Amino acid sequence: MRGQRIAGLGMVSVAALGAMVAYADPLLSDNPGTFGLPGLIDMPSAESVPEGMIGATVFRFGAGLRITATFQVTDRLQGAFRYSRVPGIFTNGTALYDRSFDVQYRLLDEKGWRPAVAIGLRDFIGTGVYSGEYIVATKTITPRLRATAGLGWGRLGTNGDIGSPFGSRPPLDIGEGGKANTDQWFRGPAAPFFGIAWDANDKLTLKAEYSSDAYPRETAAGTLSRDSSVNLGFDYRINKSASVSGYYLYGSEVGLQFNLAIDPRRPPAPSGLETAPLPVRPRPSPSSDPAAWATDWTADPEVHPGVQTAVAKAMEKDGMVLESMALSATRVEVRLRNQKYLAQPQAVGRTARILTRALPPSVETLVITSVAEGMPTSSVTLARHDVEALESEESVALLRRAEFSDGVAGAHPGLVPTEHVYPRFVWSLSPYGEASVFDPDDPLRADFGVEVAGRYEFAPGLILSGSVRKKIIGNLDESTRVSDSTVFHVRSDLVEYQKQGDPGIHDLTLAWYSRPAPNLYARVSAGLLERMYGGVSGELLWKPVDSRLALGAEVNYVKQRDFDTLFSFRDYEIATGHVSAYYDFGEGFLGQVDVGRYLLGDWGATFTLDREFANGWKVGAYATFTDLSEADFGEGSFDKGVRLTIPVSWTTGKPSTNKVSTVIKPLNRDGGARLDVDGRLYDTIRSTHQGDMQIQWGRFWR
């Protein structure tokens, strides 16, 4: 009865106070709770952060440590991945290193008297240490005061419950872990929670809440003394990206939290640090200078080489390579290799400006063909008079008049290779870092060292490349964890490679890329394909320039490398392969499905969804399901992870095509493991095709 009165008070308070003021926009908050998502303290709220925001929180108190990464996938949907240290849960007192996922969806926006309403799942995959579900409402009372109330199940229904409206909650069957506990969702006792948040000023927010989490396991283990259901806290914003939070919890604990928020669309370094492009050079009118418009220059054998040399030198100064050119009285086609600009339209735009300065006035049609790994991928055809007339206009005006086509379908038969482009050798010496996270025995290990990489291009599409690494400092080789996998260790012996492969050859391959027909791309790679495997890999991709859909097939025959990562191999070889479908859903969402045979010989499919921003940031997640049983797979039940790609230019403000990518996996197991081949075709060509070019076309005049 007491719980019912509390629930009624909380819900009625929000509704009544909401009648005082009406706000139509979604509630935005930069105050995360102790579980990383926007919230009060331990309790959630119906607030969101701006779409695309990436967050990270580190929360520490007596009953544990929580490290959470969050991503606002859409305006309404937000997800979180958490790594927690929970002491004293097991009878032997051993601390639990737990990995968990959360998701929250905002059902309703605040409007009139109506509060914002969200539904959420906390720790819905895995061991269920923090497992709970909730529906929550938040209302703006004044511009600085927000009230929240909700009902929670699971962990959020253990204090002051009002009954089980949707039936009893079955026991959690952990098994091998890693599975969604769907049979428990919104089952069992439900309990109310509520609270308020008040912005004292632009930097300080004060919070108070009534918590419905009884912390039953922690109190039973003696790691938490729960003397009160009321929590108090504050958030202090240091700057736009960082804040610190402090809490007084359950009448006995003090907690501290550090919060970081990153907007991928707002780089820390100012943009535009690259040199200004050459201005467009307008042609004289035919009436004012008819001689300049004459086409008799085509009979002079020195004109074409002279123009090609001038264009090549200008492009080289701008970080680009002119691979070949065909020139006639009214048309020019150039093949462009972009080595500098992350946005391909920026390279195309700078090339177009260079052409207006180097070509005779009679040349009206400009065909700029992008080249990736020696393959012509797509052509952009522009009218020279449009480039001249629209230089001071918004780039979209020129986009409406641009024509996109396949890079080989309409290629000029008279393309002349630029001298001294091939053969070509480049090398680099750079630092590298490698981390091991979420190891139950030691949650964070890392190595740092130097990497020497080299690349020799014999001819267009024929490339020898490799890299050697030497560790300078780190502790990856100190791990004592040994794989407990009961199947052959196709991936789970990573620690042995880290221990014995220093220095080591990370990869050494000979690759051939080609265009067998319009809309088709091909790759064959042979050698030491990655740290753990060597062999042969072949791939074919169908991808029209203007299509959202791409289809591919890959076949590999590989042998496992020795732990020293030199030229010897272990006694394990296998044929693997996949057929793949890629689809651009628009709004930055990219989907991928790979179906086939994995390194262990298991058959199945991998489902991937990425969110990509126009500046190159990418956040995604994947899950792989195969015919390998959960018992044979081991802890985690199936392979899954989060992918993150950060463009170097975003951090430095200087143009660069380089990106830093990482995959965060809860566990490194053997089931669903795929070969890690560099230079797969879809990622190689996609940035030069129409969809990506249109998204980034705003940089054409940069």
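Can you pull out the residues in segment 375-389 that are open to solvent by 20 Å² or more (accessible area, probe 1.4 Å) and over 19 Å from Pro290 (Cα atoms)?
Looking only at segment 375-389, we keep the residues that are open to solvent by 20 Å² or more (accessible area, probe 1.4 Å), and these are 381, 383, 385, 388-389.
Thr381, Ala383, Ala389 - these are the residues of segment 375-389 that are open to solvent by 20 Å² or more (accessible area, probe 1.4 Å) and over 19 Å from Pro290 (Cα atoms).
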Flagged in segment 592-642 as of a type outside the set (A, V, I, L, M), over 25 Å from Pro345 (Cβ atoms), open to solvent by 30 Å² or more (accessible area, probe 1.4 Å) and assigned to a strand (DSSP E or B), in numbering order, are Arg597, Trp603, Phe607, Tyr622, Phe625, Thr626
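On the basis of being open to solvent by less than 10 Å² (accessible area, probe 1.4 Å), touching a helix residue (DSSP H, G or I) at 6+ places or on another chain (Cβ under 6 Å) and on the phi < 0 side of the Ramachandran plot, does Asp213 make the cut?
Here the answer is yes, as Asp213 does meet what is asked.
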Test: residue in segment 473-494 that is in a strand (DSSP E or B) and out of contact with any helix residue (DSSP H, G or I) (no Cβ under 6 Å at 6 or more places or on another chain)
yes
One residue is enough: does segment 295-314 have a residue meeting the conditions assigned to a loop (DSSP other than H, G, I, E, B), more than 39 Å from the chain's Cα centre (by Cα) and acidic (Asp, Glu)?
yes
Subset of segment 62-86, residues within 24 Å of Tyr248 (Cβ to Cβ) and surrounded by fewer than 19 Cβ atoms within 10 Å (Cβ to Cβ), comes to Gly62, Leu65, Arg85
Sole miss for Gly349 among (1) open to solvent by less than 10 Å² (accessible area, probe 1.4 Å); (2) in contact with a Phe, Trp or Tyr (Cβ under 6 Å, 6 or more places away or on another chain); (3) outside any helix (DSSP H, G or I) is condition (3)
Restricting segment 141-184 to residues that are open to solvent by 30 Å² or more (accessible area, probe 1.4 Å), among the hydrophobic types (A, V, I, L, M, F, W, C) and under 34 Å from the mean Cα position of the chain (by Cα), the one modelled with the highest pLDDT turns out to be Leu151
Q) Hey, does segment 565-574 have a residue that's part of a strand (DSSP E or B) and polar (S, T, N, Q)? A) no
Those residues of segment 495-538 that are in a helix (DSSP H, G or I) and in contact (Cβ under 8 Å) with a residue 60 or more places away in the chain come to a total of 5
Considering segment 220-229, residues that are surrounded by 15 or more Cβ atoms within 10 Å (Cβ to Cβ) and either among the aliphatic types (A, V, I, L, M) or at pLDDT below 90 (or both), and then whichever is farthest from Arg144 (Cα to Cα), we arrive at Ala221
For segment 643-662, the count of residues that are of a type outside the set (Ser, Thr, Tyr), in a loop (DSSP other than H, G, I, E, B) and open to solvent by 40 Å² or more (accessible area, probe 1.4 Å) equals 2
Flagged pairs (Cβ under 8 angstrom, 6 or more apart or on separate chains; first in segment 102-115, in a loop (DSSP other than H, G, I, E, B); second charged (D, E, K, R)) are Asp109/Asp25; Glu110/Asp25; Glu110/Lys139; Pro115/Lys139
When segment 546-562 is checked residue by residue, the ones that are assigned to a loop (DSSP other than H, G, I, E, B) and within 30 Å of the chain's Cα centre (by Cα) are Asp546, Ser547, Arg548
Within segment 674-690, restricting to residues that are open to solvent by 10 Å² or more (accessible area, probe 1.4 Å) and in a loop (DSSP other than H, G, I, E, B), the one that is nearest to Ala553 (Cα to Cα) is Arg680
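Assess whether Asp296 counts as being open to solvent by 20 Å² or more (accessible area, probe 1.4 Å) and more than 26 Å from Ala389 (Cβ to Cβ).
Here the answer is yes, as Asp296 does meet what is asked.
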If you check Thr127 against the conditions, is it more than 20 Å from Ile41 (Cα to Cα) and out of contact with any strand residue (DSSP E or B) (no Cβ under 9 Å at 6 or more places or on another chain)? no
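The values are calculated or read from the model by the stated rules, or taken from the named source; none is laboratory data. Quick caveat, the model's predicted, so the values are computed rather than measured. All Cβ positions, even for glycine, are placed from backbone atoms using ideal geometry, and neighbour counts span all protein chains on display. Just the protein is used for accessible areas: all its heavy atoms, side chains included, with ligands, DNA and RNA removed. Shrake-Rupley method; radii C 1.70, N 1.55, O 1.52, S 1.80 Å.
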